Structure formats: structure tokens, C-alpha cells
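Participant: A single structure is presented below for examination.
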Amino acid sequence: MAQPTAINAQQLKQLLDGPNPPRLIDVREPAEWTGELGHIEGAELMPLGTVQANVGKVKGETREIISICK
């Protein structure tokens, strides 16, 4: 398992435009998802407090997973 690291918007764009785009999981709260900052198209909302309960939704995922937070 890879060690978590922070990336910037430009690095994320390169990954999304690459041959194996990652799975994006936004762990912010619903109000942040729909708020002024919005969200990245194609990202999935999974608030941080629900990640453990939803771990089955990502089990077996072969793509890199990038979590998005404020």
C-alpha cells in the first residue's frame, strides 16, 4: 500500500488526464460538496465519518484512490 501524500491541482489534473485515472473520493461534508468550492466532476461523496461504514464500496478497487478534503 502506498504512503498517503498530498498533491496539488495541477498534479491531479495530470493523473486524471493520464492513461489510468484514479478514483476520486471526496470526504468532505455534503454542505462543502455543494458549497461555494463545489466538487470535482466524477468524484464520489463519502463524508469522512462514513468511510469506515462504506469501505466495502472500495474493496477490490484496482485504481489509485485519491481522497479530497478541504
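Participant: Given a 1.4 Å probe, how much area per residue of the chain is accessible, in Å²?
Facilitator: With all protein chains present, the chain gives 80 Å² per residue.
Participant: What is the spin-label model distance, in nm, from Glu44 to Arg63 if the labels are put 7 Å beyond Cα along the C-beta direction?
Facilitator: Once both label points are built, they end up 0.9 nm from each other.
Participant: For the chain, what is the relative contact order in percent, using Cα pairs closer than 8 Å and at least 6 residues apart in sequence?
Facilitator: Computed over the chain, the figure is 39 percent.
Participant: Collect residues whose amide H, placed 1.01 Å from N in the peptide plane, falls under 5 Å from the amide H of Val51; neighbours closer than 5 in sequence don't count.
Facilitator: Amide H to amide H, under 5 Å and 5 or more residues apart or across chains, Val51 pairs with nothing.
Participant: Heavy atoms only, probe 1.4 Å: what % of the accessible area of the chain goes to carbon and sulfur, would you let me know?
Facilitator: So the carbon and sulfur contribution to the accessible surface is 55 percent.
The values are calculated or read from the model by the stated rules, or taken from the named source; none is laboratory data. Because the structure is a prediction, the values reported are computed rather than measured. Glycine also receives a Cβ, built like all others from the backbone with ideal geometry; neighbour counts cover every protein chain displayed. These accessible areas exclude ligands, DNA and RNA; they are computed on the full protein's heavy atoms, side chains included. Shrake-Rupley method; radii C 1.70, N 1.55, O 1.52, S 1.80 Å.
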